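Here is the structure we will look at, set down as structure tokens.
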Amino acid sequence: MAKILVTGGAGFIAGALAERLSRNPANEVVVVDNLVTGKSENTILGRNNLHFIKCDVNHFEDISGVFFSGNFDYVFHYAALVGVQRTLENPVKVLDDINGIKNVLNLSKNTGVKRVYYSSSSEVYGEPVEIPQHELTTPLNSRLPYAIVKNVGEAYLRAYQQEYGLEYTILRFFNTYGPGQSEDFVVSRFIRAALNGDPLMVYGDGLQTRTFLFIDDNIEATIRIFEDQKYLNDVVNIGSDIEIHIIDLAAAVIQSASSMSVIKHLPPLKEGDMTRRKPDITKMKNVLKRELMPLNEGLASVIEAWKSKIHVRD
């Protein structure tokens, strides 16, 4: 039996990961979250091998008891303050996440954890210096606290491996979407607006590009990396390699939702809205060994999930 801790497990991606890990009856999965940005409905309980504890990894007195009683084999450290606007408006809270990284790594090395899986971000690439963005190229040109914290987290993992032998895998997430995602993220925000007949608000001219990975592809890639013990002390981009302009994403959502909504433009964000994102996903493709969910199919799936709600507009 593998004992697994998932921090931030009430979040969109981490909650889906914990649920998938718990499908294997040989795993004992413990989820922790402070529920500041996570939602309790993302912690799908009901299985004897999946447990939830409300606590804050940034507070040592909170998380240390979980580690000492859990005797974990593996840790997925996904807890973080997320969302573009939230992280821009709360830079000090973002920097507080460094305490969580230190707590998780110190407790992992002192309690016999075999490997830490860390959710990093495409933000570590800053403004791109090459396309596609390869794991070995991290220019450190972003000043945003969120990007800085993710870079610091990666540096801590490397340092703890070098000095203490604590193994790690860094998962650099590019945009992931799917049913149940918070409206802090662009796909869900656009879909809600389209289904309500509201304008889809785009920052700037909308010509910035992103790639969008369906949640099932994200989780399957992560599970395969974990179960096959791939990419030891290495970094893996987790994302799609199909670029789309944000304004074209808005148009695609309107079409998929059969909506009469229009696209309107907001002033550009002062910083943090990078011009392009496109990862090199060679490593991820090597473990998935299949094609990714096409964006139009993924959007249709999310739209149907939204429509299944009794009310779209709150």
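Within the option set Val287, Val236, being closer than 30 Å to Ala2 by Cβ and either in a loop (DSSP other than H, G, I, E, B) or in contact with a Phe, Trp or Tyr (Cβ under 9 Å, 6 or more places away or on another chain) (or both) holds for one residue only, Val287. Of all the criteria given as (1) modelled with pLDDT under 95; (2) closer than 22 Å to Val57 by Cα; (3) within 12 Å of the chain's Cα centre (by Cα), the one not satisfied by Asn151 is (3). Just so you know, in the stretch 274-308 the residues that are exposed (fewer than 11 other Cβ atoms within 10 Å of the Cβ) and modelled with pLDDT under 90 include one that is farthest from Arg189 (Cα to Cα), and it is Thr275. All conditions but one from (1) touching a Pro at 6+ places or on another chain (Cβ under 9 Å); (2) without any contact (Cβ under 8 Å) to a residue 24 or more places away in the chain; (3) of a type in the set (Lys, Arg) apply to Arg189; the one that does not is (1).
The listed residues are Ser256, Ser240, Ser261, and the only one of them that is more than 24 Å from Ser121 (Cβ to Cβ) and touching a Pro at 6+ places or on another chain (Cβ under 9 Å) turns out to be Ser261.
Scan (1) in the same structural domain as Tyr125 (by TED's automatic domain parsing); (2) surrounded by fewer than 22 Cβ atoms within 10 Å (Cβ to Cβ) for the single condition Asp198 breaks and write down its number. Every listed condition holds for Asp198 apart from (1). When residues in the stretch 24-50 are screened for being at pLDDT below 95, more than 20 Å from the chain's Cα centre (by Cα) and either acidic (Asp, Glu) or surrounded by 20 or more Cβ atoms within 10 Å (Cβ to Cβ) (or both), 1 of them pass. Taking the stretch 51-87 as the range and being part of a strand (DSSP E or B) and crowded, with 16+ Cβ neighbours inside 10 Å as the test, the residues that pass are His51, Phe52, Ile53, Tyr74, Val75, Phe76, His77.
Restricted to the stretch 110-148, and to residues there that are surrounded by fewer than 20 Cβ atoms within 10 Å (Cβ to Cβ) and aliphatic (A, V, I, L, M), the residue that is modelled with the highest pLDDT is Ile148.
Exactly one condition in (1) surrounded by fewer than 18 Cβ atoms within 10 Å (Cβ to Cβ); (2) of a type in the set (Lys, Arg); (3) within 17 Å of the chain's Cα centre (by Cα) is not met by Arg172; state its number. Going through the list (1) surrounded by fewer than 18 Cβ atoms within 10 Å (Cβ to Cβ); (2) of a type in the set (Lys, Arg); (3) within 17 Å of the chain's Cα centre (by Cα), Arg172 breaks only (1).
For the stretch 113-148, the candidate set comprises residues that are farther than 25 Å from Ile223 by Cα and of a type in the set (D, E, K, R); within that set, the residue that is farthest from the chain's Cα centre (by Cα) is Glu130. If you go through the stretch 88-131 and keep only what is assigned to a helix (DSSP H, G or I) and in contact with a helix residue (DSSP H, G or I) (Cβ under 6 Å, 6 or more places away or on another chain), you end up with Pro91, Val94, Leu95, Asp97, Ile98, Ile101, Asn103, Leu105, Leu107, Lys109, Glu123, Val124. Yes or no: the stretch 240-251 includes at least one residue that is surrounded by fewer than 17 Cβ atoms within 10 Å (Cβ to Cβ), among the charged types (D, E, K, R) and assigned to a helix (DSSP H, G or I). Looking for residues that are surrounded by fewer than 17 Cβ atoms within 10 Å (Cβ to Cβ), among the charged types (D, E, K, R) and assigned to a helix (DSSP H, G or I), one finds at least one in the stretch 240-251, hence yes.
Of all residues being small (Gly, Ala, Ser) and in a helix (DSSP H, G or I) in the stretch 1-23, which is surrounded by the most Cβ atoms within 10 Å (Cβ to Cβ)? Just the residue, please. Restricting to residues being small (Gly, Ala, Ser) and in a helix (DSSP H, G or I), the top hit is Ala18. Does the stretch 253-265 contain any residue that is in a loop (DSSP other than H, G, I, E, B) and touching a strand residue (DSSP E or B) at 6+ places or on another chain (Cβ under 8 Å)? So far as the stretch 253-265 goes, yes, one or more of its residues are in a loop (DSSP other than H, G, I, E, B) and touching a strand residue (DSSP E or B) at 6+ places or on another chain (Cβ under 8 Å). Comparison of Tyr156, Tyr231 shows that the only residue that is part of a loop (DSSP other than H, G, I, E, B), of a type outside the set (A, V, I, L, M, F, W, C) and surrounded by fewer than 21 Cβ atoms within 10 Å (Cβ to Cβ) is Tyr231. For Pro132, are the conditions met, namely being touching a residue at least 60 places away in the same chain (Cβ under 8 Å), within 21 Å of His245 (Cβ to Cβ) and not acidic (Asp, Glu)? Taking the combined requirement at face value, the residue satisfies it.
The values are calculated or read from the model by the stated rules, or taken from the named source; none is laboratory data. Source: prediction; values computed, not measured. All Cβ positions, glycine included, derive from the backbone under ideal geometry; neighbour counts span all protein chains shown.
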